[in-house]
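Okay, so here's the structure we're looking at.
Only the coordinates and a few stated rules stand behind these numbers; no lab work does. Values in this document were obtained by computation on a predicted structure and should not be read as measured data. In this analysis, Cβ positions are derived from the backbone assuming ideal geometry, glycine residues included, and neighbour counts consider all displayed protein chains.
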């Protein structure tokens, strides 16, 4: 009897679903916080310099004070300086761009021909296209991260609603794509087939838990899909994710007992 045939067909309740609301909230917070912080840091200066870049001239009567550029990871450069206008007014400018550059930057002050009160560094308008692309990449990337966190929370919410009451679970064989451990838990990405379509999912297990492996290479695992949704629940080796009876757990284990025994022996030899 195969493990899929051995799996119970009665409605089951899920004890855990393998999707962390805490992780989802953290991803949302980090993504949108960094996107907002980047926008707050760069947007105003970028908009001013874009307006200046459309038509500008050298401002020989203005001076630069406390100018500094730092390059990180060889290509990410951020510069800051204080510009002193002819009337003594001071304004701080900040900019960030990607540039393969060694040594110091030489620059001067420029002003907008359309709005002469607007001053900035010549370096800023020379790098305006690169700055815009860098800004969009960082803000967009972090925003996408935040959206991914929201999607995780929505998926978790739908799955919790789907298993709020006992429901028939469809067992599926899934292929492990990646498995990452942290000090807190482990994240497993895998793909599975359902209704003729190949889908991908991510589940979280406790740090010391193993998935329910179906082969000695530990590439195939057992998951279940509630009948009312397409989001799977990855099963742990102890089959504690679901409210199975002892007899049902024994029947499922018996279907793959030689494989499970080989996995336990192999892991004990590693230790």
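A few remarks follow.
- A simple spin-label model places the labels of residue 254 and residue 198 3.5 nm from each other, with each point 7 Å out along Cα-to-Cβ.
- The separation of segment 115-163 from segment 30-82, counted between C-alpha centres, amounts to 17 Å.
- Label separation (residue 181 vs residue 87): 6.6 nm, computed from points 7 Å beyond Cα along the C-beta direction.
- Translational diffusion of segment 29-142, µm² s⁻¹ [Kirkwood Rh, Cα pairs; Stokes-Einstein; 10 °C; 1.306 mPa s]: 109 µm²/s
- The translational diffusion coefficient of the chain, from Stokes-Einstein at 25 °C and 0.890 mPa s with a Kirkwood hydrodynamic radius over alpha carbon pairs, comes to 107 µm²/s.
- Secondary-structure-derived ellipticity at 222 nm for the chain, considering helices only, amounts to -12500 deg cm²/dmol, per-run term -39500 (n - 2.57) for DSSP H runs with n ≥ 4.
- Highest mean packing comes first when the peptides 45-55, 193-203 are listed by Cβ atoms within 10 Å, giving 45-55, 193-203.
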